[in-house]
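**Student:** Just dropping this structure here.
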Amino acid sequence: MTDRTQGDGDATPSAGAKGPDELRSQIEQTRSQLGDTVEELAAKADVKGRTKARAADLMDKAGALTVQLRSSAAHAGHVVQEKASHAGHRTQAGASRTGHTVQERASRAGHTVQERAIRAGHTVQEQATRAGHTVQEQATRAGHSAPVTNAVEAYRRNPRPLVIALAAGAALVAAGLLIRRSRSRRR
């Protein structure tokens, strides 16, 4: 014991006990140091206890990480939901603009068809009038009165039914062409 205490700086130097009380005190101090050393060695040798402590530490860290991951996932879910909502609004606005554009183009096409139908009606009326005059002139030259003269005069006085019939026919033809065109674009 004296060899050990002389070489160590942490042990009290032993020059010999000056009395039984001092000897008891040194023994108590040595026992305390030895107890601490034994506890340290026992802790190092207790692999099972250290493993349990390490496992408890890892479980705590895993629990904290789980909470953090759940929080991150919830935040990411909110972000995705918000972005999807914005994308939906943008898509809806685009579809609305497209709908208005299509409606405007269809209206213009309808007006164009109507104008062409009216022009075609006028052209047909003029041609019918000319044809009626031609038939009437030929009948007059031949010395016959033609029943066509009565029909031509009736249309000349009231051309509205002929124009309406021609416009309706032209509108039907135009609608059929528009439907055919829209079906061919879908394919």
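**Student:** Checking the condition of a type in the set (A, V, I, L, M, F, W, C), at pLDDT 60 or above, surrounded by 11 or more Cβ atoms within 10 Å (Cβ to Cβ) and not in a loop (DSSP other than H, G, I, E, B), which residue from Leu41, Leu23, Leu34 passes? Before the answer, list the steps.
**Tutor:** On the way: Leu41 fails: surrounded by 11 or more Cβ atoms within 10 Å (Cβ to Cβ); Leu34 fails: surrounded by 11 or more Cβ atoms within 10 Å (Cβ to Cβ).
After ruling out the rest, the residue left standing is Leu23.
**Student:** Let me ask something else. All but one of (1) modelled with pLDDT of 85 or more; (2) open to solvent by less than 90 Å² (accessible area, probe 1.4 Å); (3) within 30 Å of Ile179 (Cα to Cα); (4) not charged (D, E, K, R) hold for Ala56; state the number of the condition that does not hold.
**Tutor:** (3)
**Student:** Picking from Thr140, Thr134, which residue would you name as being open to solvent by 90 Å² or more (accessible area, probe 1.4 Å), modelled with pLDDT of 70 or more and more than 60 Å from the chain's Cα centre (by Cα)?
**Tutor:** That would be Thr140, the only listed residue that is open to solvent by 90 Å² or more (accessible area, probe 1.4 Å), modelled with pLDDT of 70 or more and more than 60 Å from the chain's Cα centre (by Cα).
**Student:** Could I ask something else about it? Out of Gln68, Gln92, Gln114, I need the residue that is open to solvent by 90 Å² or more (accessible area, probe 1.4 Å) and closer than 30 Å to Val163 by Cα. Which one?
**Tutor:** Criteria check complete, one pass: Gln114.
The values are calculated or read from the model by the stated rules, or taken from the named source; none is laboratory data. Since this is a predicted model, take the numbers as computed values, not measurements. When we count neighbours, we look across all protein chains shown, and the Cβ atoms used for this are built from the backbone with ideal geometry, even at glycine. Calculation scope for accessible area: heavy atoms of the full protein, side chains included, ligands and nucleic acids excluded. Shrake-Rupley method; radii C 1.70, N 1.55, O 1.52, S 1.80 Å.
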